[in-house]
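Computed from the coordinates by the stated procedures, all read-outs in this text should not be read as laboratory data. None of these values were measured; they are calculated from a predicted model. A quick note on method: Cβ atoms are made from the backbone with ideal geometry, for glycine too, and the neighbour counts reach across all protein chains shown.
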Amino acid sequence: MEIIFVTIILLVAIICVIPLLKFLHSAHKYKHSEYQNTTQTPFRKTWEDKGQWGEYLTFLELDSLVGKEAKFLFNCYVPKHRGSYTELT
């Protein structure tokens, strides 16, 4: 009976600890990224916003492909012909 209890406790601990470690790793990686430096958006806000999180994940993929000599533009708006703007994504 004691072995089952210990096993259950260990499984619950593993199930809770692994996502927490992944979250902390993501937060650390984000804090030191060019994306955070450019946008100045806190990790929590980016993580909670699906669109912004997707933009960040896209940045990670592109950054690994193009190297450090490339520059990324975030939240870049260009004027349209009738006075409105469009965001480049």
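In this structure, His81 and Lys45 have a Cβ-Cβ separation that, at R0 = 30 Å, corresponds to a calculated FRET efficiency of about 0.35. A Stokes-Einstein calculation at 4 °C with viscosity 1.567 mPa s, built on the Kirkwood radius of the range 2-88 over Cα pairs, returns a diffusion coefficient of 81 µm²/s. Counted by Cβ distance under 13 Å from Ser26, the other residues give a net charge of +3, where Lys and Arg count +1 and Asp and Glu count -1.
The long axis of helix 50-66 is offset from the longest Cα principal axis of the chain by roughly 80 degrees. Protection proxy ranking of 70-79, 50-59, by the mean of other Cβ atoms within 10 Å over each peptide's residues and highest first, is 50-59, 70-79. Sequentially through the range 24-31, phi angles give Karplus couplings (6.51, -1.76, 1.60; θ = phi - 60°) of 5, 5, 4, 5, 5, 4, 5, 4 Hz, Gly and Pro residues having no value and appearing as x. In plain terms, the chain from Phe72 to Leu21 could stretch by 15.5 nm, reckoned as 0.36 nm per residue minus the Cα-Cα distance. Other residues within the sphere of radius under 15 Å centred on the Cβ of Phe74, judged by their own Cβ, net out at -4 (K and R +1, D and E -1).
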